[in-house]
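Asks: To start, I am sharing the structure in question, which I have written as structure tokens.
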Amino acid sequence: MSQDPRKFFVTTPIYYVNDVPHIGHAYTTIAADVISRYKRLEGYEVFFLTGTDEHGQKVHQAAEQSGVTAQAHVDSLHQRFKDLWVRFNISNSDFIRTTEERHTKVVKEILKNLFDRGEIYRDSYEGWYCLPDERFWTEKDLIDGNCPECKRPVEKIKEFNYFFKMGQYQEWLIDHIKSNEDFIQPTSRRNEVLGFLGKPLEDLCISRPKERLPWGVPLPFDEDYVTYVWFDALINYISIHGDLEGIKASGYWPCQHHLVGKDILTTHAVYWSTMLKAMGLEPPDNIFAHGWWTVNGQKMSKSLRNVVEPNLLIDQFGVDVIRYFVMREVPFGLDGDFSHKGLIGRVNSDLSNNLGNLLNRTLNMIKKYQGGIILPPAEETDADQALNKKAAEVLKEIRPLYDQLAYNKVLIKVWELVDLTNQYINNMEPWNLAKSDEGKTRLTRVLYNSCESLRMTAILCSPFMPGKCEELVKQLGMDQSIGEQGLASLESWGYLAGDTQTQAGEQLFPRIDEEAEKKILATLEQAGDEKKIDESIEPVLDQVTIDDFFKMDLRTAKILEAEKVKKSKKLIKLKVDIGCETRQVVAGIAEAHEPETLVGKTVILVANLKPAKLMGIESQGMILAGSDEGKILLAGFDDTLKPGVRVK
Ligand code: MSP
């Protein structure tokens, strides 16, 4: 079975669980939420998937640094994303984590299937490996001998690995892209992918030896390897629906939209499409690569400490205002610049002055002239036609714009209706109509039309601002939610019942005046400063009792021998004397210490730590050290103590 015409499947990338969620992550998720909500209004059964990418080198390293298992690390970290999506009113159908059984099971099944069918083979490989990016590069890819992506040094590695026969699908993929205009969007990005495919497409190394990276899905046909994190992660889009048979039966494949940032287009357009081809599944209908947000013209990065923290923004502005801003400010597909001033500007002009004001003035006049009731309207006259016609035009034009993910154009279109309604009120001069009986009859139509236009606006904008738009229809006095009214209620003018008691409430979009702006900016700045401190200093962990502490057996240990671990930049193997015995310990200090300078030093060893293997070498304990931005200092004593003394 294939795509069910009533079903609609949209995905975000699954976010690296290590990252602190920022406005860039929120952007893709909001975009996916908007289209999901719109399609639900159209009557589709929508499956909207997001989640976290939890395997790989970086997660492994971060867990080691925090002294917890990788599983415990991801179990706690993924929650930040889940919590943020709840705050942002994201209506995802599921949240996938790549460490879940339901996912790893499918990854293994697919790998086995591809291996059995000869789509995956074993070969020796020599290349330049970038540890932080977990990628191999060829000599010609390198820039000044460094990784072309992150610019950090690479290591030459020769080893056996498993390869997916990606190269054989090159012609098929080029052909598919060329004959399906909507497959990769925007067009400029589509051309980039075609450019990339202009060079020979190599096979894809899909394994990592466990001795180098133990944290991943084990290959089902060779337990000494784990799966390359991208090969594992991409499969989330189908593992959510079960195995290969499950996805075919679900009616959700091919997926309508994979929304991704421009930086991960190649992995989706090339790796993922060819993986699907090998699995016997169709490519997705569309992969849409959106642009990146900068902050005041600069790239957002932890080291620049300019990451826009969405929770802080929500506290200051509320959820819907931010959702509106990111979707309205920049055409989806282009890069954009984030600034608080820009955000405040949009709140004041579009939301407060235009839409908010239209609602306020309409409700105020209904209160003043009609006792708060939207009365049954008098007959329409020619003077009402323009508004009516505009509403029909907006509705017609908006549908394809939503389908093209032209979010900002959707909003521009709706605001044409908002502006015209404000103008309509100005032209009709209700304050003069209210002066005569005849005028009052006419006024019922003018105020009714303003309300019907507001209701329509609320429904059309509700995918962007679900909370505020529900509030708007409530203030109009309607009992039916937006979902219950549906898009069908917009087909003809006049769905709103004429005899409705309005429920004016708080202003939907209060204006942010100069005073309020200063206050908000000061709060954000202060919160930003506090965050800087938080970022560099880890929070203190939960309290332990003295008994808990004494369970740790810390000993003075004299270093007898030290040598670098082969193939590792970080690890040193030590032999230490702890009075009663000698121990072999592996420590991640090679980047800051030459082995020969360590011999003779007395350090502190956690002597009763369960032995663990690092790059295949047993470590019988852990040396205490403190590290700060590349500096690694060993904990020690102000004078010499003999080996084996307990430290407490
Ligand atoms: N884990 C991979 C995706 C695997 S999907 C099978 C990954 N994760 S990520 O957390 O690094 O990035 C997730 C998304 O956030 C990407 O689409 C990326 O483009 C987006 N963004 C990261 N920074 C961004 C901005 N500054 N602006 C807009 N989007 C940005 O890649």
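Laboratory data are not the source of any read-out in this text; all were calculated from the coordinates shown. Because the structure is predicted, anything quoted here is derived from the model rather than measured. Cβ sites come from the backbone with ideal geometry, for glycine too, and all protein chains shown count toward neighbours.
Asks: Using Cα positions and a limit of under 17 Å, work out the lysines in reach of LYS341, with same-chain residues fewer than 8 apart set aside.
Replies: LYS518, LYS519
Asks: So if we plug the beta-carbon distance of ASP547 and LYS368 into 1/(1 + (r/R0)^6) with R0 = 60 Å, what FRET efficiency do we get, rounded to 0.05? Display every interim value, and only then the final one.
Replies: Values: r = 73 Å, r/R0 = 1.22.
Approximately 0.25, to the nearest 0.05.
Asks: Can you pull the Kirkwood radius for segment 608-648, inverse mean 1/r over Cα pairs, to one decimal in Å? Please list the in-between numbers first.
Replies: Working: mean 1/r = 0.0783 Å⁻¹.
Averaging 1/r across every pair of different Cα atoms and inverting gives 12.8 Å.
Asks: Normalised by the residues of segment 293-374, what does the relative contact order come to in percent, with Cα pairs under 8 Å and at least six apart? Working shown, then result.
Replies: Values: 41 pairs, mean separation 23.0, N = 82.
The value is 28 percent.
Asks: A follow-up question, please. Please give the contour-minus-distance gain from LYS7 to ASN432: 0.36 nm per residue of separation, less the Cα-Cα distance, rounded to one decimal in nm. It would help to have the intermediate numbers written out before the result.
Replies: Values: separation 425, 0.36 × 425 = 153.00 nm, distance 5.15 nm.
Separation in residues times 0.36 nm, less the Cα-Cα distance, equals 147.8 nm.
Asks: Of LYS156/LYS567; LYS601/LYS631; LYS158/LYS573; LYS573/LYS601, which pairs sit farther than 20 Å apart, going by alpha carbon to alpha carbon?
Replies: On the way: LYS156/LYS567 9 Å; LYS601/LYS631 18 Å; LYS158/LYS573 22 Å; LYS573/LYS601 14 Å.
With Cα atoms farther than 20 Å apart: LYS158/LYS573.
Asks: Here's a follow-up. If R0 is 45 Å, what FRET efficiency do you get for LYS519 and ASP116 from their C-beta distance, rounded to 0.05? Walk me through the intermediate numbers first.
Replies: Numbers: r = 64 Å, r/R0 = 1.43.
With R0 = 45 Å, the Cβ-Cβ based efficiency is 0.10.
Asks: Contour minus end-to-end for LYS199 and MET279, with contour as 0.36 nm per residue of separation and end-to-end as the Cα-Cα distance? Write out the running numbers ahead of the final one.
Replies: On the way: separation 80, 0.36 × 80 = 28.80 nm, distance 2.41 nm.
Taking LYS199 through MET279 to full extension adds about 26.4 nm, to one decimal.
Asks: Sort the following peptides by mean Cβ neighbour count (other Cβ atoms within 10 Å, averaged over residues), highest first: 97-109, 498-510. Walk me through the numbers before you get to the answer.
Replies: Working: 97-109: 18.5, 498-510: 15.0.
Going by the mean number of other Cβ atoms within 10 Å, highest first, we get 97-109, 498-510.
Asks: Can I ask one more? Would you grab the residues whose amide H sits under 5 Å from the one on LEU571? Only those 5+ places off in sequence or on another chain, please, with H modelled 1.01 Å from N.
Replies: VAL565, ALA590
Asks: Using the Karplus curve 6.51 cos²θ - 1.76 cosθ + 1.60 with θ = phi - 60°, what ³J(HN,Hα) values do you get for each residue of segment 403-418, in whole Hz, with x for Gly and Pro?
Replies: Per-residue couplings from phi come out as 5, 8, 6, 8, 4, 5, 5, 4, 5, 4, 4, 4, 5, 5, 5, 4 Hz.
Asks: Only bridges whose two residues both fall in the chain count here: according to DSSP, what percent of them are antiparallel, nearest 5? Walk me through the numbers before you get to the answer.
Replies: On the way: 54 of 78 bridges.
Here the share of antiparallel DSSP bridges comes out near 70 percent.
Asks: For segment 136-188, taking Cα atoms only, what is the radius of gyration to one decimal and the Dmax to the nearest whole Å?
Replies: Reported Rg and Dmax, both Å: 16.4, 41.
Asks: Continuing with this model, one more query. If r is the Cβ-Cβ distance from GLU484 to TRP172 and R0 is 51 Å, what FRET efficiency results, to the nearest 0.05? Mind showing how you got there, number by number?
Replies: Numbers: r = 46 Å, r/R0 = 0.91.
Once the sixth-power term is evaluated, E becomes 0.65.
Asks: Based on the alpha carbon coordinates of segment 1-125, what radius of gyration and maximum Cα-Cα distance (Dmax) apply, in Å?
Replies: Spelled out, the Cα radius of gyration and Dmax of segment 1-125 are 17.5, 53 Å.
Asks: Taking θ = phi - 60°, what integer Hz values does the Karplus form 6.51 cos²θ - 1.76 cosθ + 1.60 yield along segment 516-525, in sequence order, with x for Gly and Pro?
Replies: 3J(HN,Hα) across segment 516-525, in whole Hz: 5, 4, 4, 5, 4, 5, 5, 5, 5, 5.
Asks: Which ³J(HN,Hα) values, rounded to whole Hz and listed in residue order, are derived for segment 218-229 from phi using the Karplus coefficients 6.51, -1.76 and 1.60 in 6.51 cos²θ - 1.76 cosθ + 1.60 with θ = phi - 60°, glycine and proline given as x?
Replies: With coefficients 6.51, -1.76 and 1.60, one gets x, 5, x, 10, 7, 5, 7, 10, 10, 7, 4, 4 Hz.
Asks: Dimensions of segment 587-635 along principal axes (Cα, Å, largest first)?
Replies: If we take the Cα atoms of segment 587-635, the spans are 26, 22, 22 Å.
Asks: Under the √(5λ) rule applied to the eigenvalues of the Cα gyration tensor, what semi-axes describe the equivalent ellipsoid of segment 266-410? Give them in Å, descending. Write out the running numbers ahead of the final one.
Replies: On the way: eigenvalues 322, 135, 31 Å².
Rounded to whole Å, the semi-axes are 40, 26, 12.
Asks: Related question: Please report the net charge: other residues with Cβ closer than 14 Å to the Cβ of ARG189, K and R +1, D and E -1.
Replies: Once all neighbours under 14 Å are counted, the net charge is -3.
Asks: Return the whole-Å distance between the Cα centroid of segment 392-409 and the Cα centroid of segment 144-158.
Replies: Value for the Cα centre distance between the two parts: 46 Å.
Asks: In bins 5 Å wide, starting from 0, what share of all Cα pairs of segment 298-347 does each bin hold, as a percent?
Replies: Percent of pairs per bin, in order: 4, 18, 27, 27, 18, 5, 0.
Asks: Give me P(r) over the chain, computed from all C-alpha to C-alpha distances, binned every 10 Å, as integer percentages.
Replies: Result returned by the calculation: 3, 13, 21, 21, 17, 12, 7, 4, 2, 1, 0.
Asks: Calculate how large, on average over all directions, the projected area of the Cα convex hull of segment 64-145 is; give the answer in nm² to one decimal. Could the numbers behind the result be given before it?
Replies: Details: hull surface 39.0 nm².
For segment 64-145, averaging the hull's shadow over all directions gives 9.7 nm².
Asks: Same structure again: In terms of the Cα gyration tensor, with a ≥ b ≥ c the square roots of its eigenvalues, is segment 457-510 rounded because a/c is under 1.5, prolate because a/b exceeds b/c, or oblate? Walk me through the numbers on the way to the answer.
Replies: Details: a/c = 2.11, a/b = 1.15, b/c = 1.83.
Oblate is the answer for segment 457-510, as a/c is 1.5 or above yet b/c matches or exceeds a/b.
Asks: Counting Lys and Arg as +1 and Asp and Glu as -1, what is the net charge of the other residues whose Cβ lies under 12 Å from the Cβ of CYS469? Present the calculation step by step, with values, prior to reporting the outcome.
Replies: Values: positive: ARG37, ARG323, ARG455, LYS468, LYS474; negative: ASP320, GLU470, GLU471.
Taking every other residue near CYS469 into account, the sum is +2.
Asks: Report the label-to-label distance for ARG80 and GLU149 in nanometres (one decimal), using points 7 Å from each Cα along the Cα→Cβ vector.
Replies: Using points 7 Å along Cα→Cβ, the separation is 2.0 nm.
Asks: Based on the Kirkwood radius over alpha-carbon pairs, what value in µm²/s does the Stokes-Einstein equation return for the translational diffusion coefficient of segment 209-283 at 10 °C and 1.306 mPa s? Present the calculation step by step, with values, prior to reporting the outcome.
Replies: Values: Rh = 13.7 Å.
Rounded to a whole number, D works out at 116 µm²/s.
Asks: If you place +1 on the Cβ of every Lys and Arg, -1 on the Cβ of every Asp and Glu, and leave all else neutral, what size is the dipole of the chain about its Cα centre, to the nearest 20 Debye?
Replies: On the way: 79 positive and 96 negative charges, 127 e Å.
Here the size comes out at about 600 debye.
Asks: May I ask for the Kirkwood hydrodynamic radius of segment 560-648, worked out over all distinct Cα pairs and given in angstroms to one decimal? Don't skip to the end; give the middle numbers.
Replies: Numbers: mean 1/r = 0.0747 Å⁻¹.
Averaging 1/r across every pair of different Cα atoms and inverting gives 13.4 Å.
Asks: What's the local net charge at TYR228, with K and R +1, D and E -1, over the other residues with C-beta under 15 Å away?
Replies: Details: positive: LYS58, LYS108, ARG122, ARG135, LYS165, ARG208, LYS210, ARG212; negative: ASP53, GLU54, GLU119, ASP123, ASP133, GLU134, GLU159, GLU202, ASP203, ASP222, ASP224, ASP232.
Spelling it out: positives minus negatives among the neighbours equals -4.
Asks: For the chain, calculate the relative contact order in percent as a whole number, restricting contacts to Cα pairs under 8 Å that are 6 or more residues apart.
Replies: Numbers: 1016 pairs, mean separation 73.1, N = 648.
Reported relative contact order: 11 percent.
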